[in-house]
Amino acid sequence: MNEQKRDAIRLYLPVDPLIHPEADAITAAALEWVERIRFSDDRRVIEWAKATESGRYFAAVCPHGLADRLELAAEWSYLFFSVDDVIFDRDDSPLTRRNRADATVALQRALECAAGRTPPSDDPFEKAQHDIGRRLYTLFGHTRAARLIHNHAYLTLGSVWLIGAKPRLADTPLSVNDYLTHRMYFSGSHSAREWLTLALPELVPEDELHMPVVRAISEASQILACCDNDLFSFDKEKHEKDREHVNLVSILSRERKCSLAEAFDQAIMMRNRTMYLIMVLRQQILDNPASSPALRAYVDMLLHMVWGNADWSTWTARYTSPGNCQADMPEYGNTTRHEFLSTPPVTTLEPLPYPSIAWWWDYAEETVPDAFSKCIHAES
């Protein structure tokens, strides 16, 4: 087994790892769908999709979820990693019959059209998306399906922005503040979190899910996962065209006029401070007697989401394999050296200096006493 040569990435991640007991069955069923639905005739695209190990990913990030729902989430993940490869990274895209922004919006519409039996076009990605949508309505019902479709629109918004922004990012780089905003959208983190929310046995009441303190811990967990992806994929992506312009490490290096090594350490510091905030917010929610059992399960799921994503990032061929689907087949067996810390290296609740996310810290108990109680009873 080969290892990348960087020093071990040390992240504060005080979570006991779990894996869904039906992880193998979830993975097998999702991979069978990938082979059956055939959303690409290029074998490299299919193999790089399978190399994401999305079945095991969803089994780790939601170990208490319902297996059939996690299987559908994994199929969506396999599909959208391939969409990412083809729409964003390949010059020989089969979607050149129309521009890439149009293709991205069409995929959103394919999900919305899934209330009907007929796919909106013969495009293989749209047909696969429509197939997922049909089963989404069957499995979740129209109200819960609408929630996921709504959150999926954030991915569409972010993807269309990224398509338009990429040509100018080398000359007009993003600020860290703007990057954190866009990253949460084009990463698909809203969609992924909603898949996990709907996979839980009991749905969180809407009046709890949309409280500011719950939104804060949700967004913080999403951004944390994105930061971890940036850290673990940085050594690979810094050599790829355009990718270095949408990675937190490179953006920090440009904005702070420091070396990439220094920026890498600063990115770890940022995510560790965010992880500490997540733990504080989680404890406030668990300590509050008004929190429903469903909300308590949800905030625990967020921790598994963070841990499962980070662990997956250390071994998935998506990040550890050299090359990409344009020229290579994935290489398995590589790992990234890492250490997950149970003790926080920093315990400050001073907000990070980025206005787009600084509001999360407003709901930390030491900053705003009893904030959760005030919010949870706001609409009662």
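Any read-out appearing in this document is the output of simple, stated calculations on the displayed coordinates, not a laboratory observation. The model shown is predicted, which means the values in this text are computed figures rather than measured ones. Note that we place each Cβ from the backbone using ideal geometry, even for glycine, and neighbour counts take in every protein chain shown.
Neighbour counts of other Cβ atoms within 10 Å put Asp178, Asp311, Asp228 in the fewest-to-most order Asp178, Asp311, Asp228. Determine the shape class of the stretch 1-85: with a ≥ b ≥ c the square roots of the Cα gyration tensor eigenvalues, call it rounded for a/c under 1.5, and otherwise prolate if a/b is greater than b/c, oblate otherwise. Cα axes put the stretch 1-85 in the oblate bin. Approximating the spin labels as points 7 Å out from Cα along Cα→Cβ, the Arg168-to-Asp122 distance works out to 3.8 nm. Residue exposure proxy: Thr143, Thr52, ordered by other Cβ atoms within 10 angstrom of their Cβ from fewest to most, comes out as Thr143, Thr52. Taking the helices alone, the chain has a mean residue ellipticity at 222 nm of -20000 deg cm²/dmol, built from -39,500 (n - 2.57) per DSSP H run of at least 4 residues and averaged over all its residues. Amide H contacts under 5 Å for Arg10: Glu339, restricted to partners 5 or more places along the chain or on a different chain, H placed in the peptide plane at 1.01 Å from N. If the segment from Tyr137 to Asp328 were pulled out straight at 0.36 nm per residue, it would be longer than the present Cα-Cα gap by 65.1 nm. Annotation: the stretch 9-376 has a Kirkwood hydrodynamic radius of 21.0 angstrom, from the mean reciprocal C-alpha pair distance.
Working ranking of peptides 44-51, 257-264 by packing, defined as the average number of other Cβ atoms within 10 Å per residue, highest first, is 44-51, 257-264. Membrane-span-like helices in the chain (whole DSSP H runs, Cα extent of at least 30 Å along the helix axis, mean Kyte-Doolittle hydropathy of at least 0.0): 212-237, 260-287, 293-315.
Which net charge results when you count Lys and Arg as +1 and Asp and Glu as -1 among the other residues whose beta-carbon is under 11 Å from that of Ser292?
Details: positive: Arg296; negative: Glu202, Asp207, Glu208.
Local net charge: -2.
Exposure proxy for His142, His182: other Cβ atoms within 10 Å of each Cβ, ordered fewest to most, give His142, His182.
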